[in-house]
Structures are given as structure tokens and as C-alpha cells.
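Have a look at the structure below before the remarks.
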Amino acid sequence: MRILMVASECFPLIKTGGLADVVGAVPFALEAEGADVTVFLPGFPTVLSGLKSKKTLAKLKDVAGEPAKLITGKTAKGLSIIALDAPHLFNVTGNPYQEKNGLDRADNAIKFAAFSKIAAQLAAGDFKIPEFEIVHAHDWQAGLTAAYLKAMGRDDIKTVQTIHNLAFQGNFPKHIMSNIGLPDEFFRDYGLEYWDKVSYLKGGIVYSDHVTTVSPTYALEIQSDASGMGFGGLLKSRGQDLSGILNGIDLDVWNPETDPDIAANYSAENLAGKAKNKAALQKKMGLRKAKDVPLFCVISRLTTQKGLDVLAGLVDHIVLSGGQLALLGSGDSTIEAAFLAAAKKHPTEVGVQIGYDEPLAHLIQAGADAIFIPSRFEPCGLTQLCAMRYGTVPIAGRVGGLNDTIIDASPAALAKGVATGLLFSDIDVHTLSATIDRAFALYRAPKIWAQMRRNAITQPVGWALSAKAYMALYADLLKAD
Ligand code: ADP
Ligand code: GLC
């Protein structure tokens, strides 16, 4: 089965969040199931420089007004990539979608329409490579791919749109219709039109054969007005063709037995190495060296989605209760400032690193006792999966994929010995504060805590099951004709 994945990020070539992790990992799991997967990416500088065995597949005369090239190549791990080398669109450094001042880049509408159009042409075999049977587009950046295939009359090529986060919709002024080469009639209610704008994500939802999102709970949540972010009704109307397939993580990239970025390797059978990582993390973050205090962590975009504004108000509570906090992240300046102020106030107990640091993320997962993910909504979430793989206990909001992947330490779950973390509903100071108290109590019951860590580290968090679910979905779509 030939599958073209269309996405704007792919680890390790370009990453701003979990989308990259998914696109960089799921193809290997699909290939293990017999699929033949190619990933189509924008030619950002790190994408082009990170590819091995590069060849020019095609020279294109006019992509959004300028010449461009299609480049084939492989990632270091051997994933097949095709990149759209169009410097006038993608020669940007830093965040691919935003300027340094946090504003969206002015040409986002044009560049991602062009990207999706070429994706459709690639899938249709326009560039001397065999056609693809399945086109799997991710998020709004690839949202128009199915619309272009529809406009080309290629209903035979089956399309899947995955929503990684409904908060990012790719909505643009309607005048953009005259620049993106889609027929005017696509601008209609059951089409691209959304409150008199053009919505690329809506295009993916309306024109794809099937829509997935990244957890079963989020798939239900987004079919409601409360959590549908304006698309609740539309998604409900597509309920028959909408499913939630859980993300996994790359078990080679996240492996405490072999991880080169941590201070001591360890395994599910012997978690002793975690203590060395805790000491190394305390040192790295300038924290007081202490074995028996719970060391909490955060590795996240610092946004209200992630509920970290609420956690920022509870740092004193954590410290006064005898805990430490190591935080790595960047995002909203007010949330950054709140955590930096807390670190200044409690320099030996709170360490904050603002920025993006992949190796440090690994050391934190290995060294921390527990990770906070107090999200208001969370399509899937990957950091709880990485945490569990490293024997670190997640403390998370009961939403989306967090609900699907963490077993709360309720009295019943503790009695059965199956708890893997702590979940709480209602993201507010009172509930989170009570949950922090619950975590302290569990940490101070060493046998229970040890069991939770063991449960967490033995939880299956890879892609094997979900890859089978995607393969079954693709097979169903191909059977439909
Ligand atoms: P989202 O995609 O919503 O940001 P996920 O939990 O799905 O959340 O994925 C986040 C990914 O980004 C994880 O791989 C996490 O380790 C990584 N990450 C987030 N912030 C940082 C950071 N500051 N430094 C390094 N890695 C980070
Ligand atoms: C989005 C979501 C996150 C999910 C990731 C990968 O960024 O916010 O929950 O894990 O995509 O699917």
C-alpha cells in the first residue's frame, strides 16, 4: 500500500511540537505492517540540510509565482522524504509559522496552499513517480490537499485528514481564494467557508474520505459545541467518518536503556539509575541535591492550553510542601515570567529553563519523579507517554488523550495495583492544589509510589497498536470502491 503523508513537521528535521514526533515515528510502524510510506514536507532549511542521498525529482516552473524543485532524500533513520524546495516560501528560520514577534507569517495562506496543491499532484502521479493510494494529511497546513484532489477529479485516491489540535485552524481572509487555484464554488458552507473566511482545516474535514484525531476521548470531545472550537456541529455531521487513534512515541528515540542524553541508563527491571539522573538533573538546574524530596517537572509549550498559568500559581505550595520543580519550556511571556519569578524566589528548589532543548527534555524525563500536564484540553499529549516510558509519574488533566493513556490513582485503581498516574478534572487552583497534595501523599508511601512507577514504565506506549488501526482504516477506505 503506497501512502503519502503530508505534513509541515517531521522529527528530527523540523519540530515545534508533537506533530513532528508523530510524523517522524508513525511511518516506521506502518512500514512494519507492510506499508510503503513517503513523507512530503516543506523545504525548510533544516529539512533540506538534514536529508541524505538527495536527488532532484522535478523542476517546477511556477509555485506561487516562482520556480521550485522537488527533492527526494532520506532521514538518518531511513525515512523516505520528498521536500518542496521553494526558497521564496520556506527559507525561514525559527518558528516556521510565526515571526519573532509572535505574529503569524504573512504568507502562510499562500505557502501552505501551494504545498497542499503540490501534495495532491504528487499523489496523482504528476511527477513521474507512481501514484499513491492513500494520502494522509496532517493539520491545517496540509488541509487543502483533499480539496485539490477533489478539484482534480481524483476521488479514487483515498484521503485521511488528521486533526492534531483543533485550536489551529488555518483561517484566512476570503480574498485568498483568488490566489490559491481552487474553483470559486469551493468557497461555500459545506466547503471551505467558515464565518466568511477560508478555513484550510475545514477543507480537510469536509473533503477528506475520513477524519481522524489523536485519541478516542478527543474524538468525542470535538463533536460537541463546548470543545469543538466552532467545528463541533461539522465534526458531528462527519461522525460516521471520524475516529480517534491514539498516538504512540518512538521507542528508539525514547529508551531509558540506551538514551545517550541521560546520566545513567536504566530499565523497567531495574529503576535504580533514576536516582543518578535525579542528582544530575538537580545539578544541571541548580537545585539542592536531595534524594527524598519529590522532584516534579514540566516540559511544555507554556500556553493556556497546557494549564500552566494555573500551575504557576502553585509553585509556592509545591515548595512549602517540600517538593522541587524543574521546568523546560517557552511560550506566553506572562507564564514564562511567572515561573522565572518563582525560580528567583526559590533558587534551590525551582529551576526554570526557558527555551527548547531536546537533550535536556530527556534528562528531565529520566531524573524527575513526576511530570505536570495540567492541560485544559489535550488532543493526545506525548510527554505523559515519554514520562511513563521513563518511570516518571504523570499528573494530568482528565481530558483528551491524557484520559485515555493514564490510569488515575483512585482508591479502586490503587487497590488493584494498576494506577500509572494522577488525573484531575476542572483545571483550577483548588483542584490542582488538592492533586498536588495527593501526589505528595503517594510519594511518601514508597511501596505505592514504586508500584506506580513500575506500572508506568511497563505501559505500552509505542506505535504498534495504533499502526494496526491506521492500516485497518486505510484498507477499509480502499475497499469502499
Ligand atoms: P504539543 O504538541 O501540544 O506541544 P505534545 O505533548 O504532543 O504537545 O508534544 C510535545 C513534544 O515537544 C514532546 O516531544 C516534548 O518532549 C517536546 N517539547 C515541548 N517543549 C519542549 C522544550 N521546551 N524543549 C524540548 N522539547 C520540548
Ligand atoms: C498537538 C496536540 C497534542 C498531540 C500532538 C501530536 O500538538 O496539542 O496533544 O499529542 O499534536 O498529535
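Rule-based calculations on the coordinates, nothing more; no lab input. No experiment lies behind these values; they were computed from the predicted model shown. Here the Cβ is made from the backbone with ideal geometry for all residues, glycine too, and neighbour counts use every protein chain on show.
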Exercise for the section: Fewest Cβ neighbours within 10 Å first, please rank 136, 164, 346 accordingly. Expected result: 346, 164, 136
Exercise for the section: Give a residue-ordered list of calculated ³J(HN,Hα) values for region 62-76 (Karplus: 6.51 cos²θ - 1.76 cosθ + 1.60, θ = phi - 60°; whole Hz; x for Gly, Pro). Expected result: 9, 10, 6, x, 9, x, 8, 9, 9, 10, 9, x, 10, 7, 4
Completion exercise
Rounded to the nearest Å, the spacing of the alpha-carbon centers of region 211-227 and region 344-418 is 22
Problem - Rounded to 5, percent antiparallel among DSSP beta bridges of the chain - result: 30
Exercise for the section: List 382, 271 from most exposed to least, where exposure is judged by having the fewest other Cβ atoms within 10 Å. Expected result: 271, 382
Problem - Check: the chain dipole with +1 on Lys, Arg Cβ and -1 on Asp, Glu Cβ, in debye - result: 1280
Problem - Centroid-to-centroid separation of region 30-62 and region 107-181 [C-alpha atoms, Å] - result: 16
Exercise for the section: Averaging sequence separations of C-alpha pairs under 8 Å and six or more residues apart, then dividing by the length of the chain, give the relative contact order as a whole percent. Expected result: 12
Exercise for the section: Within 10 Å of each residue's Cβ, count the other Cβ atoms and sort 470, 356 from fewest upward. Expected result: 356, 470
Exercise for the section: Give me the lysines in straight-line cross-link reach of residue 284: C-alpha distance below 23 Å, same-chain residues under 8 apart excluded. Expected result: 274, 276, 344, 345
Handout entry: Subset of 15/306; 291/416; 61/202; 74/202 violating a 20 Å alpha-carbon distance limit
Key = 291/416; 61/202; 74/202
